[in-house]
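Novice: Got a structure for you, written out below as structure tokens; questions coming shortly.
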Amino acid sequence: LGLVMQPYQKEFIEFAIQQGVLKFGEFTLKSGRISPYFFNAGLFNSGVALAKLGRFYAAALEDSGVEYDVVFGPAYKGIPLSAALTIALADQYQKDVPYVFNRKEAKTHGEGGNLVGAPLTGRVLIVDDVITAGTAIREVMAMIAAADGATPAATLIALDRQEKGQGELSAIQEVERDFDMKVVSIVGLNQVLDYVAMQPELAQYADAISAYRDQYGVK
Ligand code: OMP
């Protein structure tokens with residue numbers, strides 16, 4: 001679509017491919033859709049990779065201008081992501097931001113409760129990996145609604161697959177509308193497709209990704 005790609009976005013796509021996180025082929029998604037590409041954030045699985053990932057999240061967040069008081073990393077995948085992001089905010093931007101994450105199983109002894117870390121209050125920035133149909137993120141929004149004095153400030157993700165939600169809007173646009181909250185991503189499918197089309201060794205995948213976008217993507 002000729003959208004301008006920031007240098008950090010191109011670097012991020014290259015990094016995700018190198019790391020085996022972004023793969024091309026045939027994958028069945030949680031939604032049941034068969035996708036010609038998949039993004040497995042669990043493969044940012046070393047110290048160097050996680051440190052770099054945190055810097056990309058921080059760059060996208062700083063670029064967005066979103067204001068927030070606390071970072072929330074929903075279990076499980078959001079936990080290392082929120083830690084990596086807040087470390088990058090400290091190291092790269094001299095910002096000391098509180099963070100909190102949840103346990104999936106409530107504890108019955110010790111401090112109790114299912115939240116660990118800073119208080120979940122004020123404007124909450126949620127950190128997650130991918131949004132496709134928006135199912136996972138809606139569960140997270142319920143946790144914020146249940147916390148006293150917490151309002152969603154924004155959600156920060158690595159990849160916006162830019163797929164349809166319930167209607168003609170994208171899943172992310174529906175989440176933004178329903179929760180009055182911005183969703184910021186490091187990259188979106190359009191940028192991945194632009195990148196793939198430009199690389200001779202990846203160009204073979206461009207048609208399948210384009211066809212997938214025609215079927216499930218938003219115009
Ligand atoms: P939704 O709940 O449909 O928004 O899908 C988001 C979740 O799908 C992510 O948190 C992942 O568990 C998984 N997922 C990926 O990790 N990468 C992808 O490229 C696609 C999916 C997916 O299954 O849609």
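Novice: Tell me which residues come under 5 Å, amide H to amide H, from THR155 once H is placed; ignore anything under 5 positions away on its chain.
Specialist: Amide H to amide H, under 5 Å and 5 or more residues apart or across chains, THR155 pairs with ILE126, LYS182, VAL183, VAL184.
Novice: So, one more: Would you look at the GNM of the chain, springs on alpha carbons closer than 10 Å, and say which of PHE179, PHE56, PHE27 moves the most?
Specialist: PHE27
Novice: How charged is the neighbourhood of ILE144? Take every other residue with its Cβ under 15 Å from the Cβ of ILE144, and add Lys/Arg as +1 and Asp/Glu as -1.
Specialist: Value of the local net charge: -4.
Novice: Still on this structure: Could you give the size of the charge dipole of region 1-85 about its Cα centre, using +1 on the Cβ of each K and R and -1 on the Cβ of each D and E, expressed in debye and rounded to the nearest 20?
Specialist: 360 debye
Novice: Another one. What's the angle, to the nearest 10 degrees (0 to 90), between helix 7-18's Cα axis and the longest principal axis of the chain?
Specialist: 80 degrees
Novice: Restrict the search to region 30-108; then list the GluC sites (Glu not before Pro) that DSSP places in a loop and that have at most 10 other Cβ atoms within 10 Å of their Cβ.
Specialist: GLU67
Novice: For region 202-219, take each phi angle, set θ = phi - 60°, evaluate the Karplus expression 6.51 cos²θ - 1.76 cosθ + 1.60, and give the result in whole Hz per residue in order, putting x for glycine and proline.
Specialist: The phi angles translate into 10, 4, 4, 8, 4, 5, 5, 5, 4, 5, 4, 5, 4, 6, 10, x, 9, 6 Hz.
Novice: Here is a further query. What list of ³J(HN,Hα) values in whole Hz, one per residue of region 93-101 in order, does the Karplus curve 6.51 cos²θ - 1.76 cosθ + 1.60 (θ = phi - 60°) give from phi, with Gly and Pro shown as x?
Specialist: Those phi angles translate into 10, 6, 10, 9, 9, x, 9, 9, 9 Hz.
Novice: Per residue of region 80-92, what does 6.51 cos²θ - 1.76 cosθ + 1.60 with θ = phi - 60° give for ³J(HN,Hα)? Whole Hz please, x for Gly and Pro, Karplus curve as stated.
Specialist: Taking θ as phi minus 60°, the curve returns x, 5, 5, 5, 5, 4, 5, 5, 5, 4, 5, 6, 9 Hz for region 80-92.
Novice: Something else about it: With Cβ to Cβ distances under 15 Å as the rule, what net charge do the other residues near PRO7 carry (K, R +1; D, E -1)?
Specialist: Neighbourhood net charge equals -2.
Novice: Between the alpha-carbon centers of region 12-26 and region 29-94, tell me the distance in whole angstrom.
Specialist: 15 Å
Novice: Taking H placed 1.01 Å from N in the peptide plane, check which residues at least 5 places from TYR99 or on another chain put their amide H under 5 Å from its amide H.
Specialist: Close amide H contacts, sequence-distant or interchain: VAL71, ALA118.
Novice: Calculate the spin-label point distance for GLU11 paired with ALA208, positioning each point 7 Å from the Cα along the beta-carbon direction, and give it in nanometres.
Specialist: With each label point 7 Å from Cα toward Cβ, the separation is 3.0 nm.
Novice: Quote the relative contact order of region 124-171 in percent (integer), defining contacts as alpha-carbon pairs under 8 Å separated by 6+ residues.
Specialist: Normalised by residue count, the contact order of region 124-171 is 52 percent.
Novice: Between GLU201, GLU176, GLU139, which gets the highest mean-square fluctuation from a Gaussian network model of the chain, Cα cutoff 10 Å?
Specialist: GLU201
Novice: Describe numerically, in nm with one decimal, the distance between label points set 7 Å from Cα along Cα→Cβ at SER64 and at PHE27.
Specialist: That separation, rounded to one decimal, is 2.1 nm.
Novice: Still on this model: With the contact rule set at Cα under 8 Å and sequence spacing of 6 or more, what percent relative contact order holds for the chain?
Specialist: Reported as a whole number, the value is 19 percent.
Novice: Follow-up question, since we're still on this one. Given the Cα-Cα distance of ILE34 and ALA51 and 0.36 nm per residue of separation, how much length would full extension add, in nm?
Specialist: 3.0 nm is the gain from fully extending ILE34 to ALA51.
Novice: Under 19 Å from a point 7 Å along the Cα-to-Cβ line of ASP178: which residues of region 30-56 have their amide N that close?
Specialist: In region 30-56, the label zone of ASP178 (backbone N under 19 Å from the point 7 Å along Cα→Cβ) covers 30-33.
Novice: Roughly what angle does helix 135-146 make with the longest principal axis of the chain, taking Cα atoms, 0 to 90 degrees, to the nearest 10?
Specialist: Tilt of helix 135-146: around 20 degrees.
Novice: Sticking with this one: Using a Förster distance of 25 angstrom, determine the FRET efficiency expected from the C-beta separation of VAL4 and THR135, and round it to 0.05.
Specialist: My answer for the efficiency is 0.20.
Novice: Follow-up question, since we're still on this one. Whole-Å semi-axes of the chain's equivalent ellipsoid, largest first, each the root of 5 times a Cα gyration tensor eigenvalue?
Specialist: Taking √(5λ) for each eigenvalue gives 29, 20, 16 Å, largest first.
Novice: Right, here's the next one. May I ask for the angle, rounded to the nearest 10°, between helix 47-64 and the longest principal axis of the chain, with both axes built from Cα atoms and the value confined to 0 to 90°?
Specialist: The answer is roughly 90 degrees.
Novice: What spacing in nm lies between the two simple spin-label points modelled at ALA145 and GLU201, each 7 Å away from Cα in the Cβ direction?
Specialist: With each label point 7 Å from Cα toward Cβ, the separation is 4.7 nm.
Novice: Right, another one. Compute, for region 59-143, the length of the dipole vector about the Cα centre, with Cβ point charges of +1 (Lys, Arg) and -1 (Asp, Glu) only. Units Debye, rounded to 20.
Specialist: Magnitude of the dipole: close to 340 debye.
Novice: Return the long-range amide H neighbours of GLY188 (sequence gap of 5 or more, or a different chain), with a cut-off of under 5 Å between placed amide H atoms.
Specialist: ASP160
Any read-out appearing in this document is the output of simple, stated calculations on the displayed coordinates, not a laboratory observation. If you're wondering where the values come from, they're calculated on a predicted model, not measured in any experiment. We place every Cβ from the backbone using ideal geometry, glycine too, and count neighbours over all the protein chains shown.
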